[in-house]
1. Can you give the average number of partner chain beta-carbon atoms within 10 Å of each beta-carbon in peptide A:114-125, as a whole number?
2. For chain A, take the longest principal axis of its alpha carbons; what is the angle in degrees between that and the long axis of helix A:136-146, to the nearest 10 within 0 to 90?
3. Mind pulling the angle between the C-alpha long axis of helix A:217-235 and the longest principal axis of chain A? Nearest 10 degrees, somewhere in 0 to 90.
4. How shielded is B:398-410 by partner chains, expressed as the average number of their Cβ atoms within 10 Å of its Cβ atoms?
5. If R0 is 45 Å, what FRET efficiency do you get for residue B:213 and residue B:3 from their C-beta distance, rounded to 0.05?
6. For residue A:103 and residue A:44 in the same chain, what is the full-extension length gain: residue separation times 0.36 nm, less their Cα-Cα distance, in nm?
7. Would you mind giving the mean number of other chain beta-carbons within 10 Å of the Cβ of each residue in B:295-303, as a whole number?
8. Under 18 Å from a point placed 7 Å out from the Cα of residue B:105 along the Cα-to-Cβ direction: which residues of the stretch B:6-47 have their backbone N that close?
């Protein structure tokens, strides 16, 4: 089942956020309390656009929201944003509520209001400057992972049953000849935590584990295909 | 014949890189206050001066041991002499003038006369020799000359040499110079009153007062009285003389308070500027530093994360209130307009690696600051903040090295956290420098043993390091996962990931084997 994501506010931030969200993974709802923005969201081609007064709990309850939903609070009015966060937290104690803030004080208020994650505009920007100054090469590379306009990216590949990687020690494999680097893995046996390859833990790959690789998209495609191909060969 | 030879030598000197290097080095060490190593020479000179004066004072009551005398008379004087000659030498370039004259003569088909350039250089050198600081330098060397040993007091001129090496005294003089007009007027008035009162007392009391016998005594009394010092060795005895005293005492008090207020106001006017100059001087001593333009939310955040004091920085804001706030918060701030050419050019643009962070909340201002910095030197790195995507292009046209879009950054984080949660954690760990996934950039240049090595020959695995790629030169391209045959070059930067200790160990190993 697809998870649902609710974006509250279709202002400058809300609209660019909605544009970036992968709609194949999420069912996107846009909620607005202003007529103009509501019309704009509709004309931008979004289907589930809801027009309601966000200060009223009854109206919020009418939304198809659950504790599994992603809620993104990006209203332009910061007072309203904090209030909304608080109301939503009261209604859905376990939902993931993410909010953007543009000052330290608002960040604190949003956290107190119950937001699961607050992204402080200035903090992340300041962080970024630090990274640019200290690790320019790494920052450039990591940037390219996130934005999709560069050929190098991350890829999560699940190891299928009978793959050539099944039962192999992670440290023994060298993917670099395939043009791919193994960054780490998520082991279902241990926990669902991400383990970096460089942590030095001897680790055996099993069926169902997810490996995270970086490389050029084409190489990653070929590599992924290769893992699956062998699996088919063994099955025959 | 001789002139031909001299022209040849001049051309040879002009072509010699070594000669130029040496001369530039001495020029920097002696005259360029932005030069990093100048402070060492300055400290040495101050030490020599102080010891020399110390010996002079000690000598008054105690016999001086031989070694001290030798040190004072020969070593110190010799160093001063060398310094004097070097300053004389770097003051201007004789060979350049000769070449210029020679080429002009060739161009105009007129005979080349050696005396023209020589006259020009002599003029400039003489101008240097008679400049106050050069005269002081000269006088400070004199005690070394034996027949002049009676003039031991010339050692005191060495104290004046301190002027050259201590900025604060120079600044004091500079500040007073701004009130030249007021001070001269007062001095003139002082002289006038002293003079008149002196003559008056001389006329009234020369016959009656045993203490006043000459006109000099009268002027001496007059000055001692007007300055409110009043030794009392000479005092008026007649009615008329007492009346004159009363008059000059009153005018003296008025004048002294006037002088004091002029000096105080000169300082209070210049105080901020002096402080700011001090900040700029301090920061200019660093090899790398950051100029942050604008003290807003983002700057505050940036500085708050700057806990380890990794970078040296200075804040520039044109808003007085914000600068006050910054100073109150304990940061180094200057109240200036960073978009002005003369503000940025005060910094050590030629020698230091400067990064300008343009973080004001106006795009127009940020672009202007960026252009201003870039116009001074392409070497200055500029990171600027822009409000939206459309502006980005303009910033890039202005030559900004990195355009920061706060909204985009936040959005990107938000999107990644939802779209690619696994990656988000990974990237977050990497960027915040968590221990397990420390990403580091190793410059091949610093680890000499890496130069000309094949990638296949370096066993990253044994260090438990993931080798991601190389950046070929600072402006070059990034090569992801290069082949094993790739040979490392000096300007390459390796991108490595691993535990902090693994990377430290790796670096240590290569440094050690290098040494």
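1. Partner Cβ neighbours, averaged per residue: 6.
2. 80
3. 60
4. Taking the mean over all residues of the peptide, I get 5.
5. Efficiency computed from Cβ-Cβ geometry: 0.10.
6. Full-extension gain reported as 18.3 nm.
7. Per-residue shielding by partner chains comes out at 5.
8. B:6-14
No value in this document is a laboratory result; all are computed from the given coordinates. Predicted, not measured: the structure shown is a model, and the values here were computed from it. As a convention, Cβ positions derive from the backbone with ideal geometry for all residues, glycine included, and neighbour counts pool all protein chains shown.
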